[in-house]
Amino acid sequence: MTHSRSEIRETEDDTRPARPAKKPRTRWWRVAEPRPPRRTVASAAVTTSVALTVLVAVGTLMHQTVLIPPLAATAAIVTATPGSPLAQPRHVLGGHLLSCLVCFAVLALGWHGPWAAAVACGAACGLGLVLKVAHPPAMATAVMIMLTDPPATRFVTLLAVGAALLVLVQLVSSRLRRQVYPTSWW
């Protein structure tokens, strides 16, 4: 059986894998991810503001405003990306409290200052990963504790209340918008 050259080319073309589609060119000024809907942006902005207002009020009443920066970072994660594993109550509460406990243990050993903060932060990060409660803003909590050496009972209470309030504010906000938060409690 003889085949013409055109028949052979057609047969070869059929067996050759198709070329993958060209990826669109990305430029450094264009972000590949889509913008969130305006309603989501507005909701995250309002929820973050409400959460931080509550935290500032509680911190001012207890004379411990030092916790505002790390909890502000937590508020942004919880409100802007509520579906993220890092925004779930286990990570928010567990990450901050574990970091707090590690730091007070390091302080109890007599270590203070920025070098001790680096060690405590690394230990808290590693333990957070092992215990599946990693939460990046909790590392800022670790640094704050190591640099300010606050009274433990007052600080731990404020930290736990602050983290729980952030989860609660996002829970209420998501219920009002008929969305699911948290995706997992523990």
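The values are calculated or read from the model by the stated rules, or taken from the named source; none is laboratory data. It should be emphasised that the depicted structure is a prediction, and the values quoted were computed from it without experimental measurement. Please note: Cβ atoms are built from the backbone with ideal geometry, for glycine as well, and neighbour counts cover all protein chains shown. With ligands, DNA and RNA removed, areas are computed over all heavy atoms of the protein, side chains included. Shrake-Rupley method; radii C 1.70, N 1.55, O 1.52, S 1.80 Å.
Examine the stretch 81-92 for a residue that is charged (D, E, K, R), closer than 21 Å to THR183 by Cα and part of a helix (DSSP H, G or I), and state whether such a residue exists. Among the residues of the stretch 81-92, at least one is charged (D, E, K, R), closer than 21 Å to THR183 by Cα and part of a helix (DSSP H, G or I), which makes the answer yes. Here VAL56 meets the list (1) out of contact with any Leu (no Cβ under 7 Å at 6 or more places or on another chain); (2) touching a residue at least 12 places away in the same chain (Cβ under 8 Å); (3) open to solvent by 60 Å² or more (accessible area, probe 1.4 Å); (4) within 26 Å of THR183 (Cα to Cα) almost entirely, failing just condition (4). Determine whether GLY126 is assigned to a helix (DSSP H, G or I), over 30 Å from PRO36 (Cβ atoms) and either open to solvent by less than 20 Å² (accessible area, probe 1.4 Å) or out of contact with any Pro (no Cβ under 8 Å at 6 or more places or on another chain) (or both). In short, yes.
For the stretch 137-180, the candidate set comprises residues that are polar (S, T, N, Q) and open to solvent by 10 Å² or more (accessible area, probe 1.4 Å); within that set, the residue that is modelled with the lowest pLDDT is GLN179.
All told, ILE77 falls short of being modelled with pLDDT under 85, part of a helix (DSSP H, G or I), of a type in the set (A, V, I, L, M, F, W, C) and surrounded by 10 or more Cβ atoms within 10 Å (Cβ to Cβ).
Is it fair to say PRO36 is of a type outside the set (S, T, N, Q), surrounded by 12 or more Cβ atoms within 10 Å (Cβ to Cβ), part of a loop (DSSP other than H, G, I, E, B) and modelled with pLDDT under 85? Considered against the rule, which asks whether it is of a type outside the set (S, T, N, Q), surrounded by 12 or more Cβ atoms within 10 Å (Cβ to Cβ), part of a loop (DSSP other than H, G, I, E, B) and modelled with pLDDT under 85, PRO36 comes out as yes. With the structure loaded, tell me whether VAL50 is more than 16 Å from the chain's Cα centre (by Cα) and either in contact (Cβ under 8 Å) with a residue 60 or more places away in the chain or surrounded by 14 or more Cβ atoms within 10 Å (Cβ to Cβ) (or both) or whether it fails that test. Spelling it out, VAL50 is indeed more than 16 Å from the chain's Cα centre (by Cα) and either in contact (Cβ under 8 Å) with a residue 60 or more places away in the chain or surrounded by 14 or more Cβ atoms within 10 Å (Cβ to Cβ) (or both).
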